[in-house]
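The values are calculated or read from the model by the stated rules, or taken from the named source; none is laboratory data. Quantities reported herein were computed from a predicted structural model and do not represent experimental measurements. For neighbour counting, all protein chains shown are included, and Cβ atoms are generated from backbone atoms with ideal geometry for every residue, glycine included.
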Amino acid sequence: MILEHAVLNVKAGQSADFEVAMAQARPFIETAAGFQRMEVRPCIETPDRYLLLVWWLDLTAHTEGFRGSAAYQEWKTLLHRFYEPFPDVQHYGAPL
């Protein structure tokens, strides 16, 4: 299992709309093959910043499976307009 990590910097003042869009987007990722679970946490110190954590069965489930799917296009349409700058997505292996 791998963990996807991204810091989502949402354009100032758009957090409420982002949260609505994230709720609408969740079903698109949750039905992806290899998806395990997801958390989105608001930052306490920095308004309009969120931490996205997604657990995947393996790296290709995310990078090829989900990102290559029609569901990802829906996810992208709903969410990508909120980010400034666009997030750097990284993947982490199993805990030590």
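The table below gives the values:
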| item | result |
| --- | --- |
| Hits in region 32-78 - residues which are among the acidic types (Asp, Glu), assigned to a loop (DSSP other than H, G, I, E, B) and either surrounded by 12 or more Cβ atoms within 10 Å (Cβ to Cβ) or in contact (Cβ under 8 Å) with a residue 40 or more places away in the chain (or both) | Asp48, Asp58 |
| Check on Pro87, touching a helix residue (DSSP H, G or I) at 6+ places or on another chain (Cβ under 9 Å) and at pLDDT 95 or above | no |
| Complete set of residues in region 1-25 that are closer than 14 Å to Phe66 by Cβ and out of contact with any strand residue (DSSP E or B) (no Cβ under 7 Å at 6 or more places or on another chain) | Ala25 |
